[in-house]
Amino acid sequence: MSASVSKDRQFIAVIGDEDSVTGLLLAGIGHVTPPPNASKNFLIVDTKTGADKIEAAFDEFIQRKDIGILLINQHIAEKIRYRIDTYTAAFPAVLEIPSKDHPYEPEKDSVLRRVRRLFGE
Amino acid sequence: MSGTGNREAVFATRQSLGLMKSKLKGAEIGHSLLKRKSEALTKRFREITRRIDEAKRKMGRVMQIAAFSLAEVTYATGGGSNLGYQVQESVKTARFRVRTKQENVSGVLLPTFESYIVEGNSDFGLTGLGRGGQQVQKCREVYGKAVETLVELASLQTAFVILDDVIKVVNRRVNAIEHVIIPRTENTIKYINSELDELDREEFYRLKKVQGKKHRDQEAADKEAKANKLLLGDDIQESEVEGTGDVLGEKEDEEVIF
């Protein structure tokens, strides 16, 4: 069952600031589904973007059946932390990545926190 | 006493005793198997968590390098958000994709991501054509490597999430068998045994009673017969004397036979 579920998941989605998204798009992960209902698999977040918009994009990406990995900048993940903490499904894998201005902090990562909790640290 | 404990609703028969015994045996085998499975998974799980920790740190470094490379590009192409805009607008189809494979660990299917590159289409053919084309190329390579690291990390993380779930389920089963099913079955066996013993004792007592009753009846009958004889004794005294003589004669015969 899980084989058929995960078979079509071939894209990597990203929610991030402009620099991160640009870099990842340069690597070639960007994909725009052809119209009708064209949708991008990336969202650029700047200081003006509200948490509700981020959350909407997050919900959309985790519901899409063709996305295997969802990358999200850690400082953006902080804004919808409650949403990420409650997300426990295996597909798509949500990955917190550092951005240029915000170095990576393992203490904030949802998965690493789970790891820590399991080993009682 | 064992009847009041936690047990299954069965009739105390030998058949159900046999059933319960085989059930207990099955539960014990299942318990040991599940326990072993849980141990194997936990071992794997620990390995994965360790690797996740390492991979996350590595990712931090790789992303930093990639960000620096992008900064170089921005500088080379003349700065501004021009590059970002150009890149975003020219995106059409993904060149860098992932596919999933299944890996079997003690009966649990763990998916792993594998990155591959669709050849032949490049959406960014014109990016940095004017200036900094070399930097753009380099940046693409660096980011490509970074994404590979991320994909690796994503596989680990997916495995982590799935294993976490599976281990929970297996441990729950192990505990259920150990603390609920086995004691319950043992209790049922005890109950059936005691019930069967009770039935045995009852049967024995009944037989004893029946025998006692028969004995009493016999005695009563003997007494009655004797009384009858006594009543009639005066009339047939002589014959009785002969009768006793006969008995004596028989006794002698018996001894001879022995």
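The values are calculated or read from the model by the stated rules, or taken from the named source; none is laboratory data. Computed from a prediction, not measured in an experiment: that's the story for all the values here. Every residue, glycine among them, receives a Cβ derived from its backbone with ideal geometry; neighbour counts consider all protein chains shown. The protein model used for the area step is the full one, side chains on, heavy atoms only, and it has no ligands, DNA or RNA in it. Shrake-Rupley method; radii C 1.70, N 1.55, O 1.52, S 1.80 Å.
What the table shows:
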| quantity | calculated |
| --- | --- |
| Number of the condition not met by A:ALA93 [criteria: (1) open to solvent by less than 10 Å² (accessible area, probe 1.4 Å); (2) away from chain B (no Cβ under 11 Å)] | (2) |
| Of all residues making up the range B:80-115, the number that are crowded, with 16+ Cβ neighbours inside 10 Å and of a type in the set (Phe, Trp, Tyr) | 2 |
| Some residue of the range B:151-163 being more than 10 Å from chain A (Cβ to nearest Cβ), at negative phi, modelled with pLDDT of 80 or more and open to solvent by 70 Å² or more (accessible area, probe 1.4 Å) | yes |
| Residue count, the range B:147-206 (criterion: among the acidic types (Asp, Glu) and without any contact (Cβ under 8 Å) to a residue 60 or more places away in the chain) | 7 |
| Filter pass, B:LYS145 being within 14 Å of chain A (Cβ to nearest Cβ) and surrounded by 10 or more Cβ atoms within 10 Å (Cβ to Cβ) | yes |
| Among (1) at pLDDT 80 or above; (2) closer than 25 Å to B:SER155 by Cβ; (3) hydroxyl-bearing (Ser, Thr, Tyr) - the single one A:TYR82 does not satisfy | (2) |
| Restricting the range B:43-79 to residues that are within 10 Å of another protein chain (Cβ to nearest Cβ) and under 21 Å from B:GLY107 (Cβ atoms), the residue that is most open to solvent (accessible area, probe 1.4 Å) | B:ARG46 |
| Those helices (runs of 4 or more DSSP H) lying entirely in the range A:49-121 with at least 1 residues among the aliphatic types (A, V, I, L, M) and in contact with a Cys (Cβ under 7 Å, 6 or more places away or on another chain) | none |
| Selection status of B:VAL62, outside any loop (DSSP other than H, G, I, E, B) and not polar (S, T, N, Q) | yes |
| Any hit, the range B:237-257, residues being open to solvent by 100 Å² or more (accessible area, probe 1.4 Å) and modelled with pLDDT of 90 or more | no |
| Qualifying residue in the range A:49-63 (condition: within 11 Å of chain B (Cβ to nearest Cβ) and not acidic (Asp, Glu)) | no |
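Residue-wise test of (1) more than 18 Å from B:VAL87 (Cβ to Cβ); (2) at pLDDT below 80; (3) among the aromatic types (Phe, Trp, Tyr).
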position: A:ASP17; (1), (2), (3): no, no, no
position: A:LEU25; (1), (2), (3): no, no, no
position: A:GLY28; (1), (2), (3): no, yes, no
position: A:VAL32; (1), (2), (3): no, yes, no
position: A:PRO36; (1), (2), (3): yes, yes, no
position: A:LYS40; (1), (2), (3): no, yes, no
position: A:ALA57; (1), (2), (3): yes, no, no
position: A:PHE61; (1), (2), (3): yes, no, yes
position: A:ASP66; (1), (2), (3): yes, no, no
